[in-house]
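K.L.:
Would you mind keeping the following structure in view while I ask a few things?
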Amino acid sequence: MPRTYRALDPDKVIETIGLLQHRIAERFPGAGLGDVCAELLLLARASSARAQGIARSNMPLRIAIFAIIAIGIIGLLWIALLFRSFSASADNVYSVLQGIEAAANLVVLIGAAVFFLTRIEERLKRASALKALHELRSIVHVIDMHQLTKDPSTVVSVGGKTASSPARTLSRFELTRYLDYCSEMLSLTAKVAVLFAQGFPEPTVTDAVSDIERIAAGLSQKIWQKIIILEALGEQAVGTRQ
């Protein structure tokens, strides 16, 4: 099958996350961020399989729904035939009108039941997609937690530490790479979320995906503000030595 550039390739997204995990493990062996990326990789694989399953038609469910609707229609036709024979021999107009009202109510109920049955598959798919998207939204915040204490001002700060101060062991270069990895993970998490809207563009699912993209983009923007500060500090240090 020729490769298309009009849709995300789930395999490429998973491959990119796996490569990022190796990069983090090689740069920061034993760091918690690597464990988070490993969890993201597992979640991406599960989400890809789930998104593909949601995109496919649920034929057993559709056949069952079709059979139920067919039985309902046959039952309605049978009732109509009974009503026809009853009305042909009825002498009381009031009884005929009662029969017409009952038949009309039955048609309305059957119509509502048909509408409900035809939307079951969509509701099941939506519930499954939203559950997976909730997991992705949660890991976005987990990634953000890992970069919260990575303050670029500590690179040049001469102030003393308190007993509750987090460990500051990263150099300016290492801190830049760490923050960059966090930004990449946020972007890739949003890409995994897009897989659901790509195969099942239902409005509620699409809104949930857009919400994850907005959150990831906002957090990534804050991370890049830190990276810009670090780059400015690096240029300043080079200028001072010159």
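K.L.:
Would you mind telling me which numbered condition in (1) within 29 Å of the chain's Cα centre (by Cα); (2) at pLDDT below 95; (3) among the small types (Gly, Ala, Ser) Ala80 fails?
P.N.:
Among (1) within 29 Å of the chain's Cα centre (by Cα); (2) at pLDDT below 95; (3) among the small types (Gly, Ala, Ser), the lone unmet condition for Ala80 is (1).
K.L.:
Let me ask you something else. Report whether or not Ile68 is modelled with pLDDT of 65 or more, part of a helix (DSSP H, G or I) and not assigned by TED's automatic domain parsing to the domain that holds Pro203. First the steps, then the outcome.
P.N.:
On the way: modelled with pLDDT of 65 or more: yes; part of a helix (DSSP H, G or I): yes; not assigned by TED's automatic domain parsing to the domain that holds Pro203: yes.
It is true that Ile68 is modelled with pLDDT of 65 or more, part of a helix (DSSP H, G or I) and not assigned by TED's automatic domain parsing to the domain that holds Pro203.
K.L.:
For residues that are in contact with a helix residue (DSSP H, G or I) (Cβ under 7 Å, 6 or more places away or on another chain), of a type outside the set (Val, Ile, Thr) and in contact (Cβ under 8 Å) with a residue 60 or more places away in the chain, scanning just the stretch 193-209, find the one that is surrounded by the fewest Cβ atoms within 10 Å (Cβ to Cβ).
P.N.:
Ranking the qualifying residues of the stretch 193-209, first place goes to Glu202.
K.L.:
Also, I was wondering about something else. Take Ser187 and decide whether it is closer than 24 Å to Asp11 by Cβ, modelled with pLDDT under 95 and in a helix (DSSP H, G or I).
P.N.:
Criteria not met by Ser187.
K.L.:
Right, here's the next one. Among the residues of the stretch 210-229, write down those that are touching a residue at least 24 places away in the same chain (Cβ under 8 Å) and of a type in the set (Lys, Arg).
P.N.:
Matches in the stretch 210-229: Lys226 only.
The values are calculated or read from the model by the stated rules, or taken from the named source; none is laboratory data. None of the values given here were measured: they were computed from a predicted structure. A quick note on method: Cβ atoms are made from the backbone with ideal geometry, for glycine too, and the neighbour counts reach across all protein chains shown.
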